[in-house]
Structures are given as structure tokens and as C-alpha cells.
1. Go through region 401-436 and report how many residues are in contact (Cβ under 8 Å) with a residue 40 or more places away in the chain, farther than 23 Å from residue 372 by Cα, more than 22 Å from the chain's Cα centre (by Cα) and surrounded by fewer than 21 Cβ atoms within 10 Å (Cβ to Cβ).
2. Name the residue, out of 447, 436, that is under 23 Å from residue 351 (Cα atoms) and either assigned to a helix (DSSP H, G or I) or at pLDDT 95 or above (or both).
3. I need the full set of residues from region 56-79 which are farther than 21 Å from residue 29 by Cα and surrounded by 16 or more Cβ atoms within 10 Å (Cβ to Cβ), in order please.
4. With region 130-224 as the region, which strands (runs of 3 or more DSSP E) entirely inside it contain at least 1 residues that are touching a strand residue (DSSP E or B) at 6+ places or on another chain (Cβ under 8 Å) and free of Cβ contacts under 8 Å to residues at least 40 places away in the same chain?
5. Kindly evaluate residue 454 against the criterion of being modelled with pLDDT under 90 and in contact with a helix residue (DSSP H, G or I) (Cβ under 8 Å, 6 or more places away or on another chain).
6. Of the residues that sit in region 410-424 and are closer than 18 Å to residue 378 by Cα and out of contact with any strand residue (DSSP E or B) (no Cβ under 7 Å at 6 or more places or on another chain), which one is modelled with the lowest pLDDT?
7. State yes or no: is residue 52 assigned by TED's automatic domain parsing to the domain that holds residue 21, modelled with pLDDT under 90 and at positive phi?
8. For residue 332, state whether it is in a strand (DSSP E or B) and crowded, with 19+ Cβ neighbours inside 10 Å.
């Protein structure tokens, strides 16, 4: 296929995680190609390699049949490949034309930048995208979907032949999505190859000419649009894999509700009108795809984010609305990012574990008492470290996570919330964390577990909640459901 771009036998590993293994992808001019798969399937990693953001461990990229090395984003752009990520890279306080041409291809005259010619050229690109706007208007004044189109205009200023769109619709309203898709269709007419990642099944089926499905970093299947439907995609995304055998048979029938959430919405609009409950000793899995609102929901429950509406109750009593009062109400959160939100890497295991003892000033802390507490948790959770004074960054990801869980348990929570508890953790440590959670639940602790891995949700949960586009789309008994049903609910299939 000499006219397009190919990726051949691409592999990429991040520490213990094999993100991609021998994946190939071919892109054709004038085609919208969706890369589909669950969270963790390797979609974004594949696009970042093609966009020059990261380099593969193995494999090659061909442009018009010739092998090319993409050492950087600039290299990719030089060969006509430009990526537009979910996190826009525009500079808000600069004008549209400035953002489109910043750092490259700027018109100049004897006085410096020729702004008149820059504005003219920006208008030409904007008109190609059917955008009618003053090129000198400040980007921060534009609505989200128009900022997305300016980002695409910037890509076209590099004469993009391949446009990579990673979750471009995640924060857009339906009418804004349609405006974006109108532009995508125009680019297809112009011969641009568009690669799309979206977690919304309806969008995949509406806009795509071809599909490639990844699962666990491996290529599963590819097909043209003809004959493709929701079932074809779901079957390949989960490969009809049987549910993990249940290691815990727990019924919450007759048990009192510990956590009750009623009509909860957050101020940022990430989710709306969420209601559910978690009962005593129950492990509830919270599934959903990126952008569904799961992390925002649990951060609101723990007081990190502010509520717009709704109430949260712990054992029938209204819970606090900030981090300190939520913690005092009995809500403990293990966040989704260990390095940024959970641990202080330059501190020891001991100091990280004792961070929950915020009520004690340093001068009133008992060294002997700390030794006892830290030693007990290290023994109880089999935390592998050279000692309590070892820097936490010297521990494996799984052992760091055990420290964070132990710290949360010191607050005597009524409900333990874990957001991506096993992200970046090897299989052995995963099994250990699962066993810890089962034992805690058997002792009566209620647990809410957010995970992007459906296999993990089935492994550990008694019941499964599913979110899609900021709404609760399903409430399922794990023993009576399948992975395909969860994927369907997560992608908006009714």
C-alpha cells in the first residue's frame, strides 16, 4: 500500500506492562479508521508511537512504502502525521492564527511577523473546516468544540496527510460532536486519513470506514464498515472470554446500606444525577471507559471535588463535602495515580504510612507506637521493603499500593474506595491485593472498586455498576452477567 502509512509489528513495554505486542495497522487516504478496544488495550500507545510522542521497542513505520524513523513529534509532522490528543495543546491567551502557526511556517516581512498574511492563511484553513471566526480572536473565548477545531486547523497547517484523533469527543455535547464529524467528513473528502479513538459505540459506527480491534496490547481483527455492528465489535473487544471464576460468593440481601448516594452531580459537569448504594461487606465494581466520569465521581465522594447537587450518606448520616469531613464521615479513597496523588516519593515507607495520623503534631508522636503500627501493617500485608525507613520509591508498584491501602485503613473507614488499585502492578501483586480486599470485605468493610479492566471487575466484585458519558448505565449482578453486557453498557448500547 504505497499511497498511505503502515505500522508493522509494533511492540512496546512499560516496565512490567506489555502495552503492545506485534501490532500492525495500515492507513489509507480518504478513510476514517477507528481503533477500538477496552481501556488498556493499547490504542493510545499505538497512536502516540505513530505521532512521534513515544518510540516503539520493535517494529517499523512506513510512509509511501519507505521505512521512516519517527524520533519526535516534529519527525512525524514532517511526514504528514499529526496527533490531536484529548488534552488540547493550545495557548489560551493567544489568538487563533497565532496558535495555528506558532513556532512554524510564519509569514515574515522586514518588520518581523507579517500578521496580515498570517491571518489570511489562517482564514483559508478555517474556511476549509467551515469555521467562520475572526483569526485574531483569543482562543480562551471559544467553546470547547471550536478549540478542538482550531487544534485540527493547526495540524492542517503542517500539511497533515494523517490526522490522529484520540478521544476528541469526550468533553463535547451531541451537537458539538456533529460539528466535529462534519469537519472529519470534509477531511476524508480531501483525502486525509483520519485515525479515531472513541469509547462511544454510536460514534464509531456513524463515522468510520474501517475498524481495527485491539485487546490486551494485541491485534484481534480488522474489517471494513460493511457488515459491522455493535455485536461484532463487542465480541472482539472481549473475545467471548469466559468470566473469571468467582472466588467469593456473597449476598448483600438483608444487609444494611453503608454508602448511599442520591442524585449526585459535580460542579464540573463530569457526571450527573448518580444514585446507588453499597451494602455492608459488599464489594461493588465501578466499570466504564475513559471519560465516563468514574474518577470524578469517587473524588466527589471523598471530598476532593465539589458537589453541585445530591447527597451522600454513611450509615444513614449525611457525609461531609470536603476531604477532611468526608474522611471523618468514614470515606477513604485510594486515588488513581500513586505517584501524583497517593505517595510522597522522597519519604520513607514509615512516613508515607503514617500520613493518615494528621491529628497528631510531630512533637506528640510516639516513636514506639509508630514502630508497632508500621510493623503490624508491613507484616499483615506482606509489604516487601528493606525496612520501614526505606524510601517508598524503592518499592515495587504493588508494595507501594499496599502502603497506601494500609494508610487508608488506619482511618477506620466505613467504606474503602479504590480507583485503579492495580494499575501498573504485576500479576502476583494483583492477586495479593485482591486477597486483601476479599478479607476486608469478609470482615464487614464495604468496598467500591473502580477499574478499567473488566476482567478485574469480574474477579473481585459482587455487583457491578457501569458508567457511560457521565451517567449510570447499568447495575448488574456479577454472577448473572457477562463481559459483553458490561462492554455494551459502557459504550452506550441499550
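1. 1
2. Just one listed residue meets the conditions, 436.
3. Residues satisfying the conditions are 56, 59.
4. Numbers: elements: 162-166, 193-197, 210-215, 218-224.
Hits in region 130-224: 218-224.
5. The answer is yes for residue 454.
6. Taking the candidates together, the pick is 410.
7. Details: assigned by TED's automatic domain parsing to the domain that holds residue 21: yes; modelled with pLDDT under 90: no; at positive phi: yes.
No.
8. yes
The values are calculated or read from the model by the stated rules, or taken from the named source; none is laboratory data. Keep in mind that what you see is a predicted model, and the values were worked out from it rather than measured. Counting neighbours? That spans all protein chains shown, and the Cβs are built from the backbone with ideal geometry, glycine included.
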